[in-house]
Amino acid sequence: MVKPKTEEEIGLLRENAIIVSKTLAEVGKWVAPGVTTAKLNEVAETFIRDNGAIPSFLGFEGFPAATCMSVNDVVVHGFPSDYVLKEGDIVSADIGTLYKGYNGDSAYTFPVGEVNAETRKLLDVTKASLYKGIEAAVAGARTGDIGHAVQSYVESFGFSVVRELEGHGLGKEMHEAPGVPNFGKRGHGARLAEGVVICIEPMVNAGGRGVYLARNGWAVHTADHRKSAHFELTVVVRHGKAEQLSTFDYIESTDNS
Ligand code: MG
Ligand code: MG
């Protein structure tokens, strides 16, 4: 059984989640053709620090930047760089904070300018699969119920779920128990009690599910080099319906979805 958080801890995780959510929206305001992913990283890092938080990814196991910026066929853990975004690209921003001793962690994949219909579908299905996962994150359920909800939804559209990486518990540590896979069987995996805080984060490939690790030891690419999307939110497991701590509302109210 995974230990639930106290309501006091959940309050601190909520404060982090709001900072992360607002940071993603700041990044979204800058996403456009001609902008580098290093600039997006700078915008995020400045906003996080201006809000009194620390970018928790910086230096985590040696990660060299404040955020992960993963373009097109990069699934996750891309380094911000001087790559110049172009029309039709997608960029996944994954952002973490450390504030008052607790963590925030959420991600959003932004279209750059106009994207083609298949790419739009990939973004829509990946985000919707996250909400399917959240619907399954109720007290008494198991992590396999979440994975099954995500996987069955994604695969019904002919897309595939990355299996090498997964969601996780969140608290004083960025990655806590339980692991939350994006695939699985109903009724399997760790049981979720009221008050358990988890990040659900489907990584969905337009093509096959295969991935490989880049030579830099971080960036995870799709094996077929087709695009991959990643959306992540933090939720509290509750009876009947999970409570969302982070939100995409700040992004989507500014017309950057
Ligand atoms: Mg993340
Ligand atoms: Mg995460």
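Among the residues of the range 115-129, none qualifies, meaning not one is under 19 Å from Ser21 (Cβ atoms) and in a strand (DSSP E or B). Taking first residues from the range 214-232 that are closer than 20 Å to Pro111 by Cβ and within 16 Å of ligand 1 (Cβ to nearest atom) and partners that are of a type in the set (D, E, K, R) and open to solvent by 20 Å² or more (accessible area, probe 1.4 Å), the Cβ contacts under 6 Å between residues at least 6 apart in sequence or on separate chains come to Phe231/Lys127. Looking only at the range 72-100, residues that are open to solvent by 30 Å² or more (accessible area, probe 1.4 Å), within 19 Å of His230 (Cα to Cα) and within 16 Å of ligand 2 (Cβ to nearest atom) come to 1 in all. Has the range 62-71 got at least one residue that is away from ligand 1 (no atom under 14 Å from the Cβ) and farther than 18 Å from Asp124 by Cα? Yes, there is a match, as at least one residue in the range 62-71 is away from ligand 1 (no atom under 14 Å from the Cβ) and farther than 18 Å from Asp124 by Cα.
Is one or more of the residues making up the range 126-137 within 16 Å of ligand 1 (Cβ to nearest atom) and open to solvent by 10 Å² or more (accessible area, probe 1.4 Å)? Checked against the condition, which is being within 16 Å of ligand 1 (Cβ to nearest atom) and open to solvent by 10 Å² or more (accessible area, probe 1.4 Å), the range 126-137 yields at least one hit. Total residues in the range 155-174 satisfying the condition of being under 16 Å from the mean Cα position of the chain (by Cα), crowded, with 17+ Cβ neighbours inside 10 Å and away from ligand 1 (no atom under 16 Å from the Cβ): the figure is 1. In this structure, does Ser246 turn out to be within 15 Å of ligand 2 (Cβ to nearest atom) and farther than 28 Å from Gly158 by Cα? When the stated conditions are applied, Ser246 passes them. Considering the range 181-206, and only residues there that are of a type in the set (Gly, Ala, Ser) and touching a Pro at 6+ places or on another chain (Cβ under 6 Å), the residue that is farthest from ligand 1 (Cβ to nearest atom) turns out to be Ala193.
In the set Glu7, Glu15, Glu42, only one residue is open to solvent by 50 Å² or more (accessible area, probe 1.4 Å), of a type outside the set (A, V, I, L, M) and over 24 Å from Phe110 (Cα atoms); that residue is Glu7. Among the candidates Ala107, Ala137, Ala190, the residue that is touching a helix residue (DSSP H, G or I) at 6+ places or on another chain (Cβ under 9 Å), within 30 Å of Pro33 (Cβ to Cβ) and among the hydrophobic types (A, V, I, L, M, F, W, C) is uniquely Ala107. Among the residues of the range 194-213, the one identified as free of Cβ contacts under 8 Å to residues at least 40 places away in the same chain, of a type outside the set (Phe, Trp, Tyr) and part of a strand (DSSP E or B) is Leu213. A single entry from Ala177, Ala149, Ala107 fulfils the requirement of being surrounded by 20 or more Cβ atoms within 10 Å (Cβ to Cβ) and more than 16 Å from ligand 1 (Cβ to nearest atom): Ala149.
Restricting attention to the range 207-241, the residues being within 17 Å of the chain's Cα centre (by Cα) and under 21 Å from Gly133 (Cα atoms) number 9.
The values are calculated or read from the model by the stated rules, or taken from the named source; none is laboratory data. Not measured: the values here are computed from a predicted model. As a convention, Cβ positions derive from the backbone with ideal geometry for all residues, glycine included, and neighbour counts pool all protein chains shown. Remember, those area values only see protein heavy atoms, side chains included, never the ligands or the DNA or RNA. Shrake-Rupley method; radii C 1.70, N 1.55, O 1.52, S 1.80 Å.
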